[in-house]
Structure formats: structure tokens, C-alpha cells
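All remarks here apply to the structure that follows.
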Amino acid sequence: MDHFIYKDGVLHAEGVAVTEIAASVGTPFYAYSQATLERHFRVFDEALAGMDHLICYAVKANSNIAVLKILGDLGAGMDVVSLGEYLRAKAAGVPGDRIVFSGIGKTRDEMRTVLQGGIRQFNVESEPELAVLNAVAMESGVVVPITLRVNPDVDAKTHAKIATGKSDNKFGIPIAQSRRVYAVAGAMDGIDVIGVDVHIGSQLTDLEPFRAAFLKVRELTEQLREDGHNIRRLDLGGGLGIPYAHSNEAPPLPMDYGQVIRETVGDMGCEIEIEPGRLVAGNAGIMVTSVIYNKAGEGRDFLIVDAAMNDLIRPAMYDAHHDIIPVIEPAVGVELNAVDIVGPVCETGDTFAKHRNMPPVADGGLVAFRSAGAYGAVMSSEYNTRPMIPEVLVSGDQFAVIRPRPSYDEMINRDKLPEWL
Ligand SMILES: *Cc1c(COP(=O)(O)O)cnc(C)c1O
């Protein structure tokens, strides 16, 4: 459930008409619903009730500091994958002891800064990283709590670009080798081994890969305890999928995902961490765009909109589906027409949808892309020198711009001419 519904014939974000936001900020733009973000966090919190747990929101899904502050104020931790994300979480007021540092390519400089600023744990992904982290921790005079991210060799049955838990993916330490690496870590003076971490992929629409991975974590945890490690925290990653085609998709509910956690590792006396990103932010956001032209082609009609692949890359990159709806509610029984919905960028890949049945939307009319709150704005760019589109936060009947659209001067003046030109 989200808070984007038609009221009096106009799509609203909570209590605000999307037409009103468009009139104020111009198109295209992203709009997020605070109530939806809060609801999604609470759903996870309830799903893990009764277990000692921390929900570490995956910052990469939507890293606007207003979004981070909403979640941080509810008690969320943060899962970050770069120093930039760490600094965003800090800027949103999240204390270091609620921030987890993931990622396969952490640099010495990132480690040093994060250790100074405070961190809950590092999720270490390789032996070379472990050695460097130990050295940096000792130089900094601290002992750093770590988990090792293990690769359980489980097929997440999701899009190849976002599957991370198979042995041929670049992520984590092969689970078969992990006891040896744990022994290495356990002997290091700058390292405190506290747990096990796993993350098998994103947009999972089946619980069985999670169950398989968590059972492998359970087995490993038992072995590690026999080996003498004090394993007291399990980080189970993110990855729960969301419905993108609202009419015919029903991915598992967080409550059922929580039940899988309870059944597989709930009795191990460990604190449970999860790192959801997409499910928290995805359906809490829409992207709103204007139709520039209705263009009739040969045997194919096009809706050319003012948003493009640089603003929302998911369709081009992952063949992703987004529901696309007119902001003015279509009349009941209106005839639908199959159209290709495309942006203005000079690439055929700049196609949001092919042969999509749409009610008529006149030139200048508004359409909204649903489920655009995660991996939308964060993956945008200025390709074709198109300004990054603004982000707007709605709460009840109020809205605010939480990232403004840059001016053309701001964009162009970032380039510098060398003195010889
Ligand atoms: C991307 C990622 C997540 C979040 O995945 P979602 O599918 O957005 O829930 C969590 N943990 C790690 C390590 C990730 O790389």
C-alpha cells in the first residue's frame, strides 16, 4: 500500500495534488511520500518483533538526507557502501554506532575516516580487505567490529545485474573458504569478529533463496562457534522485491520474510540485522513527467515525455517495468491505445515502455511513473546536459523541494577551461 491515489479525479501524493507540485516545481520531478516511507520501515520492524534486531536501511536505494532523516528518526540504522553515503547518513543525524559499512572496494582513506567518525561494524568482503582494515585499525588505535560477508552460492532468481550470491559474482568470500578466513581474522589485533553477513541480490520475488542462504548462515555460525568465535550478530542483507506491475505481481510480504528469518536463525541468540532498500523506498516515490508530443509513427505511436533515461535508468538498464499512469484520472471505459513511451535522449535505449496500453494524454498532460522511489534519483545523471530533476517530499498536505533542479549556469560552470585555451 502506498499514498499515491486519485482524489477528485487527480493523482495525489498523500494530501497534495500532483498537479500542484508540477505547477510549483516544473516537470520532470520525483515525489516521495513520507507516510509511505515510515510505513515500510514499521512493517519490517513488526516483521522482526520479538527478535533483537536493527533495520539498516540500504542508503544506496535513495540517499536524499531528508529520506535518511525520516528513517533515522524512527530508529533505523544505515547500510552504506561508500564514504559519501556514510557522510550523508551522518549529515542526517544517524550516529556512527548505527551505521554498517558494506562494499567490495573500501579504500584505506574511507576506512580511516569512518573509523574516526564511528561505525557499528564493517562487513568485510575479501582477505585483502581484511588485512588492510586490520592495519588501518591498528594505526588508528582502535579495534573494529566486523562480519565477513559470505557468498552462499545460492541462486536468487532475479535479474542477472542484481544477483550477488552466486559463486561467480564478485561479492563476498566463498562460504566453503570462510572458516579459514575467520581464523585469520580471529588472530588479528585490530579486528573483533562479531558476526556473519550475507546478501544474495535485489528484487527477490521468492522467499526460498532467502531460506536457503539463511540456513547456510546458520550452519556456518554453528561451525564458527565450535571454532571458538563469539558470533553474536547476523546481518542478512536486503533484497526483498516489490510489485512493479501493480495489477499482476504479489511478491512476498515482509511479515513472511520475517517468519523465514525466525525459522532459520531466530533461535541462535544473535542480534539480527537486515538491510532493506528497495522495499522501503521503491513504492514511496513516483516520477512525474509531461508529455511533450504525441507522435504518430508507422504502425506505432509514441508518447514523447520530458523525462529520459538519465532521470530514471531502470528500464534501459534492467529492462524494468514501471506502471505509468495519467495524473488526471481517465474517464471510465475510455479507449486505450498501445504506445511506446520514450524520452528525448538521443539513444534508442531511451525507451521507458513499449506497446503500453494508455488512455489518451494530450501534449502538455502529466503522467506519473510508479515505484520510482528506489534506484531512481540516485542513479540519475546529466547525460545530454539535462539538469538532474528535483526531488520533492510530501507529508500530509505539505510538500518541500529536498533537492532542487540546478540551473544551466550551475551545470555548465562546473566545467573549467584550462589556461591554454
Ligand atoms: C543493494 C544492497 C542492499 C539493498 O538491497 P535492496 O534490494 O534494495 O533491498 C543491501 N545490502 C547490500 C550489501 C547491498 O549491496
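The values are calculated or read from the model by the stated rules, or taken from the named source; none is laboratory data. This structure is a prediction, so every number in the text was calculated from the model and none was measured. Because the Cβ atoms are built from the backbone with ideal geometry, glycine has one as well, and the counts that use them run over all protein chains shown.
Some values worked out for this structure:
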quantity	calculated
Qualifying positions in region 100-129 - touching a Gly at 6+ places or on another chain (Cβ under 6 Å) and in a helix (DSSP H, G or I)	G117
Selection count, region 197-234, where residues are under 15 Å from M268 (Cα atoms) and of a type in the set (V, I, T)	3
Selected residue (criterion: surrounded by the most Cβ atoms within 10 Å (Cβ to Cβ)) from residues of region 123-148 that are touching a residue at least 60 places away in the same chain (Cβ under 8 Å) and under 30 Å from I242 (Cβ atoms)	V124
Out of Y383, Y318, Y375, sole residue that is touching a His at 6+ places or on another chain (Cβ under 8 Å) and either touching a residue at least 40 places away in the same chain (Cβ under 8 Å) or assigned by TED's automatic domain parsing to the domain that holds I286 (or both)	Y318
Test: L236 is of a type in the set (A, V, I, L, M) and within 11 Å of the ligand (Cβ to nearest atom)	yes
Residue in region 304-311 that is within 16 Å of the ligand (Cβ to nearest atom) and in contact with a helix residue (DSSP H, G or I) (Cβ under 7 Å, 6 or more places away or on another chain) present	no
Evaluation of T221 against (1) of a type in the set (S, T, N, Q); (2) out of contact with any helix residue (DSSP H, G or I) (no Cβ under 7 Å at 6 or more places or on another chain); (3) on the phi > 0 side of the Ramachandran plot (one fails), failing number	(3)
Residue among V132, V144 that is away from the ligand (no atom under 16 Å from the Cβ), over 21 Å from R233 (Cα atoms), in contact with a helix residue (DSSP H, G or I) (Cβ under 8 Å, 6 or more places away or on another chain) and β-branched (V, I, T)	V132
Selected residue [closer than 28 Å to H40 by Cα and over 19 Å from the mean Cα position of the chain (by Cα)] from Q116, Q121	Q121
Spans of helices (runs of 4 or more DSSP H) in region 1-83 with at least 2 residues within 18 Å of Y375 (Cβ to Cβ)	34-47, 65-73
Those strands (runs of 3 or more DSSP E) lying entirely in region 254-369 with at least 1 residues surrounded by fewer than 21 Cβ atoms within 10 Å (Cβ to Cβ)	271-274, 285-296, 301-305, 324-326, 337-342, 351-358
